[in-house]
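Scroll down for the structure; my scribbles are underneath it.
The values are calculated or read from the model by the stated rules, or taken from the named source; none is laboratory data. Fair warning: this is a prediction, and the values are worked out from it, not measured in the lab. Glycine gets a Cβ as well: all are built from the backbone with ideal geometry, and neighbour counts include every protein chain shown.
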Amino acid sequence: MTEKIGVYVCHCGSNIAGVVDVEDVAKWAAEKLGHQGVVIARDYKFMCSSLGQELIEKDIKELGLTRVVVAACSPHLHEKTFRIAAQNAGLNPYLVELASIREQVSWVHTDKAVATAKSKAVVSGAVSRVIENAPLEEIKVPINPNTLVVGGGIAGIQSALEIANAGFHVYLVEREPSIGGHMAQFDKTFPTLDCSACILTPRMVEAGTHPNITLLTWSEVVNVAGYVGNFNVTIKKKARFVNEELCTGCGICQEKCPKKVIDDVYEAGLGYRKAVYTPFAQAVPNYPVMDKENCIYFEKGTCKACEKFCPTNAIDFNQQDQLLNVEVGNIILATGYDLFDARRVSNYGYGRLPNVFTSLEFERLSNAAGPTNGNIVLRDGKTMPKSVGIIHCVGSRDRNFNNYCSVICCMQGLKFAHLVHERTGATVYNFYIDMRTAYKAYDEFYQRVLEEGTLFVRGKVAEVTDAARYSNERGKLIVQTEDTLAGKQRRIPVDMVILSSGLQPRHDAKEVGKMFGISCSTDGWFTEKHPKLDPVATMTEGIYIVGCAQGPKDIPSSVAQGAAASARVLDKILQREVALEPIKATVNKEMCSGCRICNGLCPFNAIAFIADDNVSEINPALCQGCGTCVAACPAGAISGTGFSNEQINAQIDGLLMKNLEPVGA
Amino acid sequence: MNKYLLYPGCSMESSAKAYMESMNTILESLDLHFEEIEDWNCCGATEYLGINLIPAYSLIARNLALATKQMHPVNGTGGTRTVVAPCSACYLNLAKADHYMNERPSLGEKVNEALAAGGLHYEAGTLDVRHLIDILVYDVGLEKIREAVVHPLTGLKVVPYMGCMLPRPDYQHRWSDHEHPTELDDLLRALGADVIDYPLTTECCGGHMTQIGPETAFELIRRLVADADERGAQMMVTVCPMCQMNVDAYQNEMNNYFGTDYHIPILFFTQLMGLAFGKEPGELGIGVELVSSRNVLAGIGVEVPVTQEPAAPRKKDEGLPMPRRWTKHEGRKETVK
Amino acid sequence: MPHMTDERVRAGLTHEEDLSLLHEVSMKTAGVSRLEMCIQCGTCGGSCPAAKDMDHTPRMLFAMLRAGMREEVLRSNTQWICVSCYHCVVRCPQEVHIADVMYTLKGMAIKEKLYEDSTAPDFSQTFVDMVETYGRSFEMGLASRHYLRHFPLRLPGMMPMGLGMITKGRMALMPKKIKQMDQLKKILDHAKQLEMTS
Amino acid sequence: MTDQFEPTIIGFTCNWCSYRAADLAGTARMKYAPNVRLIRLMCSGRLDPTFVLRALSGGADGVMITGCHPGECHYIEQNYKALRRFLLLKRVLTGLGIEPERVKLVWASAAEGAKFAAETTAFVEEIRKLGPLCWGKDEDGRMKDDEDIGNSSIKIHPSSFEKEVPA
């Protein structure tokens, strides 16, 4: 039977039509592809608009089209749109094929003749292919109403609370002993100078006590299986060596523990903790964890001071890591960021010059609950600085390190300037390339810091050194920079330097992304589905990204994203079921010779050998549709829906159609 | 025996003779064989590049082309594609030509067109251009150097001075850091010396400014010497003929200019290696420096034989007056105080 | 210089924007200059050990290149004061090949005879002459010729040092010459021709 | 259009990485050689070597196979199977007297739009140097049984098995 094919060429405003002669493509398809069954070819300003879709629907109904080709954008953007349109008109949605002439033609080529010729080839390929398409039915699967949130910083807490308050269950997994994330380390938040702990702690407590939230701290996700609606997640709950049922959080174990350890995480290396510890007083949960590497008992076999003094016998040296399996329908990743390692900028001397501090160190230094009780002092622990230099863009906007702007550092630098001024009265210099104070009330804060008398020097600092050239520089740190507005090199002696270090992706972001089946950008941040219109979803259905895991951002934006992703998850949960692409492989038993070559190829163990019949069989529930077995079967007995040999061969032939002009630069 | 091709560079035969002598003296102890590139020419230093582009790169590339002729094994000695340059400026020029001929193919083509006029050709990337200290630290290794030490330099307070053209721009990522590389520190420590952390280790010595704008250069030399002195160094140790020349030969001039009285000798690292390996100061070119190291070395039990002393400099009050401070308008007019 | 309109002159504007200057300098530079990527952050001017003696910091010079201020740029002493220490190059957040651009500007200034002080260009030229004559640099000849011309009165002051260098065997009185000088000459002659035509 | 030889290339892409890389190249408006026409597969593991042979015999001058980086396959490890087939395929092509360089394997993650564009352009140049493949074409480089190509401006040299590059 000859198919009746309709070809629709989209202008996409001028996105396609500006480079491709869309009218010519449509005319050509009608004339030259008639023998393939093309009965109508149209071009239209915006095919994806409701009018464009109606055009297709009308033709299906009136002309009795049996196949549809839309030459427009990438199928990843609008395949679904046109499939639904076809379905509305009574055509099986899988009989629609998209020819990408925007991402693959008009946006990447400039010569109009060449782009038009290539578009014809792409359309020809799609027409040949669509003839071989088979009607398919979507597979519907129920959605598990539970959600996994990975990361207990402010973005993850927000996500978890929104979903839990709507009445659905959340597993909140955090790798550290307490939730709170970086925000728990800060003293003040810009631009309002709210006390960070004061606004964060109530949220942490709410998440810790919420009946719909299972809080798993000191835990990490180690495996993810399944797909949207039906993920099976394995979580490693690391041994705490503290029985959570018995522990009252009284803190006596910490008091009695004889082993002092530098706290590299919460105190940013500026303070100490014990081997058994809660990272800070308001930690949620308030049960301590035992750090096995540093515990004297684990090292030498004696001590157990904590056990002796624990009033409830909650210390348990025999605890083991546990693997928990949870079933969830959706996953939100809120894994946050790492601070840029300022030692890499060796000309700023961090790690070599004692009084050069990183931003996180300064946060602890200025925090009333920090190692100096909020006294801003030099590394000697007592001297108050009389002059302080704050350097912006450390490791950011620099091709030697990270090319992107870390967004928060300008405001952070201004906040530091204010705190130094307020607490020490020191002269403060801010060294910046460009002052970026976009967003509500941010520039007003800049004005305020200017009023306070902070000195601003426009220039990226060249170096911080202790090599004095002149007598006024002796014993000081000298910040050498070009004052670009004065056009002169300046050497400014100060007592303390604070590096406003940038944010960078978690060191293990790539592995985490791989585990959850999502990708990272070149810079290493998780990639969102669409940079503007779908910033919290990912290319993998059912996986969402929020907060700094997706890119550098401030607290308000992280909170907004946390809430946004929750709305998306609740939408999915309330739909109760989700449709899956019916792309699966099947074995034709008549043709299978029982050679078993395919059996070993499937990483999902979907292929089983049926000894009685001497044939292999594919379990459709396990098959993920990669098609490797299809390509491997020597008898051609396995076929794959959606990407059959017939479809691909036809597409090859169509792309190479004889009377196409060669396409070149 | 490990073979390398040697590009000595002009200064190794004149102002930095001591560097050449000491290098040759220590090679044997470390089982190294350097084969000089035959009929090499000047690399153009920092001057040729400022006049024109293609001739400058052709001048450099001639050496690379000549070196490729000696790459292959001859008479049983092993082949090599590594060219060693002991002079930092030569090292940078050779490495730069190799890098840019590749980065901008049109430059590479033109240079080869010029080379063809002399029957030569160089394919960028054929050779590995490396500095002497790179070979010693990374190929020979500090372990082997430590083993060769018979007279540790205990008590000798030195500042390691790497200079600027060696660790930067570092096209091939050979050094531990651009700003504070530790290779020279580690090597001197392996010799037993008391190494002082020197924040100015990769600062510039003034380069050709001693010739064209001496006041600019004097200030750079002052910074280096003053900081070394302040940190209690008895001696500076360098890897570069230009650095040695400027800090050594112009130290007295600099003192005159600023009215200071610094006296910090500067030796090549190979000279100290030779001393630690038990070689005689005479074999190492020690004693030809203008700021004498004799007193300092006596402190660690090394006696430097008296060589020919330079004619006694005129006393300051008898001397001719210094020029006025150079400015861009008056630079050409030398005036008498 | 592009033609200046009367109104522009009356309005006190002294330059016609010459956008081609940046491109010209970029094309004449070895490697890929990335000059157009400069974000005017001042890392170069801050890093430069000799900045205080420069008329313009390198950053300003790049802004002037963009503004088409050809004569001011080529007359600047900045490129001549550059000591090629590469601090700016490795620190530049935009990876601009600053030191190589300085070489380009020197070459352009020499060709167009736009320099305020001939000391540095002459030194370069003297050096190049030596190399083109002998194939090697000849410090004694270079120093004496250069000093005689530019610092004649300094020469006596430099004598102790020069004498020291000679008596210590650190300065040869006679130049060394490479064997295949004719080959080098051919190469350089051809290279100069290529330079003219490119 | 100039007189230089314009090769036709078929590119096989993986739905999860390289097809998205091509999309990204588009979104970022990167420019690359227009000679490549893409076919989307779910995975490079789906690539049946006969697809390549069909493309080459059908008039393609080269075939580019793209997939996720080793260790990053959406289906865990199927790109390794593609690699295995690719290596075998090169041997088969050599046996058939076709330059094995006409088939290229490129790993490109979804983030590597720039790499995808650069590799594509580079491959087009490589094939341009190899010259046209006359398998399935007559001596003038026209498709056999082709009547409608008379206005083609390409100059084809006599045999595809001689590696002369048309000027």
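If you check A:126, A:71, which single one turns out to be outside any helix (DSSP H, G or I), crowded, with 24+ Cβ neighbours inside 10 Å and modelled with pLDDT of 95 or more? Even if it seems obvious, please write down each step before you answer.
Working: A:126 fails: outside any helix (DSSP H, G or I).
Only one candidate qualifies: A:71.
Within the group D:85, D:40, which residue is at the interface with chain A (Cβ under 10 Å from one of its Cβ atoms), under 17 Å from the mean Cα position of the chain (by Cα), on the phi < 0 side of the Ramachandran plot and modelled with pLDDT of 95 or more? If you could, list the steps in order and put the result at the bottom.
On the way: D:85 fails: modelled with pLDDT of 95 or more.
Checking each option against the conditions leaves just D:40.
Considering every residue within the stretch A:247-268, establish whether at least one is in contact (Cβ under 8 Å) with a residue 40 or more places away in the chain, assigned to a loop (DSSP other than H, G, I, E, B), in the same structural domain as residue A:294 (by TED's automatic domain parsing) and in contact with an Asp or Glu (Cβ under 6 Å, 6 or more places away or on another chain).
Among the residues of the stretch A:247-268, at least one is in contact (Cβ under 8 Å) with a residue 40 or more places away in the chain, assigned to a loop (DSSP other than H, G, I, E, B), in the same structural domain as residue A:294 (by TED's automatic domain parsing) and in contact with an Asp or Glu (Cβ under 6 Å, 6 or more places away or on another chain), which makes the answer yes.
Residue B:176 versus (1) buried (at least 16 other Cβ atoms within 10 Å of the Cβ); (2) under 24 Å from the mean Cα position of the chain (by Cα): which is the lone unmet condition?
(1)
Please work out which residue is modelled with the lowest pLDDT, limiting yourself to the stretch D:108-118 and to residues that are more than 18 Å from residue A:517 (Cβ to Cβ) and crowded, with 22+ Cβ neighbours inside 10 Å. Let's see the steps before the verdict.
Quick first cut of the stretch D:108-118, residues more than 18 Å from residue A:517 (Cβ to Cβ) only: D:113-118.
Restricting the remaining residues to those that are crowded, with 22+ Cβ neighbours inside 10 Å gives D:113, D:116-117.
Details: D:113: 90, D:116: 95, D:117: 95.
Among them, the one singled out is D:113.
Check every one of the helices (runs of 4 or more DSSP H) wholly within the stretch B:81-185 and list those with 3 or more residues that are aromatic (Phe, Trp, Tyr), modelled with pLDDT under 95 and not assigned by TED's automatic domain parsing to the domain that holds residue B:23.
Values: elements: B:88-103, B:105-116, B:142-148.
Correct list: empty, since no element meets the threshold.
Counting only residues that are in contact (Cβ under 8 Å) with a residue 24 or more places away in the chain, out of contact with any Leu (no Cβ under 9 Å at 6 or more places or on another chain) and part of a loop (DSSP other than H, G, I, E, B), how many does the stretch D:6-32 have?
Summing the residues that are in contact (Cβ under 8 Å) with a residue 24 or more places away in the chain, out of contact with any Leu (no Cβ under 9 Å at 6 or more places or on another chain) and part of a loop (DSSP other than H, G, I, E, B) in the stretch D:6-32 gives 6.
Taking residue B:200 as meeting all but one of (1) farther than 20 Å from residue B:297 by Cβ; (2) in a loop (DSSP other than H, G, I, E, B); (3) more than 17 Å from the chain's Cα centre (by Cα), write down the number of the exception.
In the conditions (1) farther than 20 Å from residue B:297 by Cβ; (2) in a loop (DSSP other than H, G, I, E, B); (3) more than 17 Å from the chain's Cα centre (by Cα), residue B:200 misses (3) alone.
Consider residue D:99 against the criteria (1) in contact with a helix residue (DSSP H, G or I) (Cβ under 6 Å, 6 or more places away or on another chain); (2) more than 28 Å from residue A:639 (Cα to Cα); (3) within 12 Å of chain A (Cβ to nearest Cβ): it satisfies all of them except one. Which criterion is unmet?
Unmet for residue D:99, out of (1) in contact with a helix residue (DSSP H, G or I) (Cβ under 6 Å, 6 or more places away or on another chain); (2) more than 28 Å from residue A:639 (Cα to Cα); (3) within 12 Å of chain A (Cβ to nearest Cβ): (3).
Kindly indicate whether any position in the stretch B:223-232 is surrounded by 23 or more Cβ atoms within 10 Å (Cβ to Cβ) and within 11 Å of chain C (Cβ to nearest Cβ).
Taking every residue of the stretch B:223-232 in turn, at least one turns out to be surrounded by 23 or more Cβ atoms within 10 Å (Cβ to Cβ) and within 11 Å of chain C (Cβ to nearest Cβ).
Based on this model, can you work out whether residue B:237 counts as in contact with a Pro (Cβ under 7 Å, 6 or more places away or on another chain) and aliphatic (A, V, I, L, M)?
Details: in contact with a Pro (Cβ under 7 Å, 6 or more places away or on another chain): yes; aliphatic (A, V, I, L, M): yes.
Answer is yes for this residue.
Yes or no: residue B:61 touching a strand residue (DSSP E or B) at 6+ places or on another chain (Cβ under 8 Å) and not assigned by TED's automatic domain parsing to the domain that holds residue B:168? Full working, then the answer.
Details: touching a strand residue (DSSP E or B) at 6+ places or on another chain (Cβ under 8 Å): no; not assigned by TED's automatic domain parsing to the domain that holds residue B:168: yes.
It is false that residue B:61 is touching a strand residue (DSSP E or B) at 6+ places or on another chain (Cβ under 8 Å) and not assigned by TED's automatic domain parsing to the domain that holds residue B:168.
Taking the options B:21, B:47, name whichever one is within 14 Å of another protein chain (Cβ to nearest Cβ), closer than 17 Å to residue C:130 by Cα and either among the polar types (S, T, N, Q) or touching a helix residue (DSSP H, G or I) at 6+ places or on another chain (Cβ under 7 Å) (or both).
Values: B:21 fails: closer than 17 Å to residue C:130 by Cα.
Exactly one of B:21, B:47 is within 14 Å of another protein chain (Cβ to nearest Cβ), closer than 17 Å to residue C:130 by Cα and either among the polar types (S, T, N, Q) or touching a helix residue (DSSP H, G or I) at 6+ places or on another chain (Cβ under 7 Å) (or both), namely B:47.
What is the number of the single condition among (1) in contact with a Cys (Cβ under 9 Å, 6 or more places away or on another chain); (2) surrounded by fewer than 22 Cβ atoms within 10 Å (Cβ to Cβ) that residue B:30 does not meet?
All conditions are met except number (1).
Of the residues that make up the stretch A:288-302, is at least one crowded, with 17+ Cβ neighbours inside 10 Å and basic (Lys, Arg)? Spell out the reasoning first.
As a first pass, look at the stretch A:288-302 and keep what is crowded, with 17+ Cβ neighbours inside 10 Å: A:288-291, A:294-295, A:297.
Among the residues that remain, those that are also basic (Lys, Arg) are: none.
Checking the stretch A:288-302: not a single residue is crowded, with 17+ Cβ neighbours inside 10 Å and basic (Lys, Arg).
Does at least one position in the stretch A:5-14 carry a residue that is surrounded by fewer than 24 Cβ atoms within 10 Å (Cβ to Cβ), modelled with pLDDT of 95 or more, in contact with an Asp or Glu (Cβ under 8 Å, 6 or more places away or on another chain) and part of a loop (DSSP other than H, G, I, E, B)?
yes
Can you pull out the residues in the stretch A:180-230 that are surrounded by fewer than 20 Cβ atoms within 10 Å (Cβ to Cβ), hydrophobic (A, V, I, L, M, F, W, C) and assigned to a helix (DSSP H, G or I)?
Hits for the stretch A:180-230 are A:198, A:199, A:205.
For the stretch A:454-475, which residues satisfy the criterion of being part of a loop (DSSP other than H, G, I, E, B) and within 28 Å of residue A:553 (Cα to Cα)?
Kept after step one, since they are part of a loop (DSSP other than H, G, I, E, B), are these residues of the stretch A:454-475: A:454, A:459-462, A:466-470, A:474-475.
Answer for the stretch A:454-475, where residues must be part of a loop (DSSP other than H, G, I, E, B) and within 28 Å of residue A:553 (Cα to Cα): A:454, A:459, A:460, A:461, A:462.
Which residue out of C:15, C:23, C:87 is at pLDDT 90 or above and surrounded by fewer than 18 Cβ atoms within 10 Å (Cβ to Cβ)?
Values: C:15 fails: at pLDDT 90 or above; C:87 fails: surrounded by fewer than 18 Cβ atoms within 10 Å (Cβ to Cβ).
Result of the check over C:15, C:23, C:87: C:23.
Here are some conditions: (1) in a helix (DSSP H, G or I); (2) without any contact (Cβ under 8 Å) to a residue 40 or more places away in the chain; (3) among the charged types (D, E, K, R). Residue B:261 meets all but one. Which one does it not meet?
Failing condition for residue B:261: (1).
Can you work out which of the residues in the stretch C:158-185 that are in a helix (DSSP H, G or I), crowded, with 18+ Cβ neighbours inside 10 Å and within 7 Å of chain B (Cβ to nearest Cβ) is nearest to the chain's Cα centre (by Cα)? Spell out the reasoning first.
Initial filter on the stretch C:158-185 (in a helix (DSSP H, G or I)): C:158-167, C:181-185.
Applying the additional criterion that residues be crowded, with 18+ Cβ neighbours inside 10 Å yields C:158, C:160-162, C:164-165, C:183-184.
Still in the list and also within 7 Å of chain B (Cβ to nearest Cβ): C:160-161, C:164-165, C:183-184.
Values: C:160: 30, C:161: 27, C:164: 30, C:165: 28, C:183: 27, C:184: 23 Å.
Looking at the filtered set, the residue picked out is C:184.
Output the number of the condition that residue A:395 fails; it satisfies all remaining conditions of (1) in contact with a His (Cβ under 9 Å, 6 or more places away or on another chain); (2) surrounded by 22 or more Cβ atoms within 10 Å (Cβ to Cβ).
It is condition (1) that residue A:395 fails.
Identify all residues within the stretch A:578-602 that are hydroxyl-bearing (Ser, Thr, Tyr) and either within 43 Å of the chain's Cα centre (by Cα) or under 30 Å from residue A:95 (Cα atoms) (or both); write none if there are none. Steps first, please.
Step one: filter the stretch A:578-602 for residues hydroxyl-bearing (Ser, Thr, Tyr), giving A:586, A:593.
Hit for the stretch A:578-602 is A:586, nothing else.
When you go through C:38, C:44, C:82 one by one, which is the residue that is surrounded by 19 or more Cβ atoms within 10 Å (Cβ to Cβ), closer than 22 Å to residue A:481 by Cα, modelled with pLDDT under 95 and touching a Phe, Trp or Tyr at 6+ places or on another chain (Cβ under 9 Å)? Talk me through it step by step, then tell me what you get.
Working: C:38 fails: modelled with pLDDT under 95; C:44 fails: modelled with pLDDT under 95.
On inspection, the qualifying residue turns out to be C:82.
Only residues that are farther than 18 Å from residue A:395 by Cα and at the interface with another protein chain (Cβ under 7 Å from one of its Cβ atoms): list them for the stretch A:466-481, please.
Of all residues in the stretch A:466-481, those farther than 18 Å from residue A:395 by Cα come to A:466-478.
Result: A:466, A:467, A:469.
Would you confirm whether any residue within the stretch A:451-463 is over 20 Å from residue A:411 (Cα atoms), assigned by TED's automatic domain parsing to the domain that holds residue A:345 and exposed (fewer than 15 other Cβ atoms within 10 Å of the Cβ)?
no
Test of understanding: among A:329, A:336, which residue is modelled with pLDDT of 95 or more, buried (at least 23 other Cβ atoms within 10 Å of the Cβ) and touching a Cys at 6+ places or on another chain (Cβ under 9 Å)? Even if it seems obvious, please write down each step before you answer.
Numbers: A:329 fails: touching a Cys at 6+ places or on another chain (Cβ under 9 Å).
That would be A:336, the only listed residue that is modelled with pLDDT of 95 or more, buried (at least 23 other Cβ atoms within 10 Å of the Cβ) and touching a Cys at 6+ places or on another chain (Cβ under 9 Å).
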